[in-house]
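Taken together, the values in this text are just the output of simple stated rules run on the coordinates, not laboratory data. Everything numeric here is computed off the predicted structure, so don't read it as measured data. For neighbour counting, all protein chains shown are included, and Cβ atoms are generated from backbone atoms with ideal geometry for every residue, glycine included.
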Amino acid sequence: MKIKSITPVGNRLVYDLSIASDDYDMQQYAFENGVISHNTGAYYSADTIWILGRQQDKDGSDIKGYHFVINVEKSRYVKEKSKVPISISWEGGINRWSGLLELALEHGSVIKPKQGWYSKPGEEKSYREKQIINDKEFWIDIFKNTDFSDFIQKKYQIGSTSSMMDYDEDNSIQTT
């Protein structure tokens, strides 16, 4: 493909960085950050591409931190199109229990008996979100007494089995 013209967009310079190729199939195009690029191959050769979204965590008009969502565009280890929420506050840093409430509701290890209240199945005690979102004991109990960890692994992980060939203690080949 030959460039017919280059038109400035606003005050930004426009460049054409290309690799000479007579083979049309070898030319690769990608739309990245509002720019069409070709012959770069960056998207295709990358092992992992994550796009981060951010939302302010406010208390009134004061910012307490941020809620991030990691959108997995490409990965060899995590299912593509997964969304992983992470909350970070100025006071406590990364919240290790970020996003678990939504996953626990999906799994069934936490239920919503009525609007704004949460509980564990079989328990009468109910909690507000603010009470459990950082409650270490609450989450450890769920991890210890349910298959919640397996649920999370199955939801996000790719290829949790071993390779096609494994070796036993005698170094003889076994197929799996």
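Extending 7 Å from the Cα toward the beta-carbon at both N71 and L52 defines two label points whose distance is 1.5 nm.
Fewest neighbouring Cβ atoms within 10 Å first, the residues V110, V72 line up as V72, V110. In the structure shown, the pairs K74/K155; K120/K155; K81/K114; K83/K114 are assessed against 23 Å; a Cα-Cα span above that value is assigned to K81/K114; K83/K114. Listed from fewest to most Cβ neighbours within 10 Å, the set T48, T7 follows the order T7, T48.
Each label point was placed 7 Å from the Cα along the Cα-to-Cβ direction; for W90 and I63 their separation is 0.9 nm.
Which order results if W90, W97, W117 are arranged by neighbouring Cβ count within 10 Å, fewest first? Write down the numbers at each step before the final one.
Numbers: W90 11, W97 17, W117 14.
Starting with the residue having the fewest Cβ neighbours, the order is W90, W117, W97.
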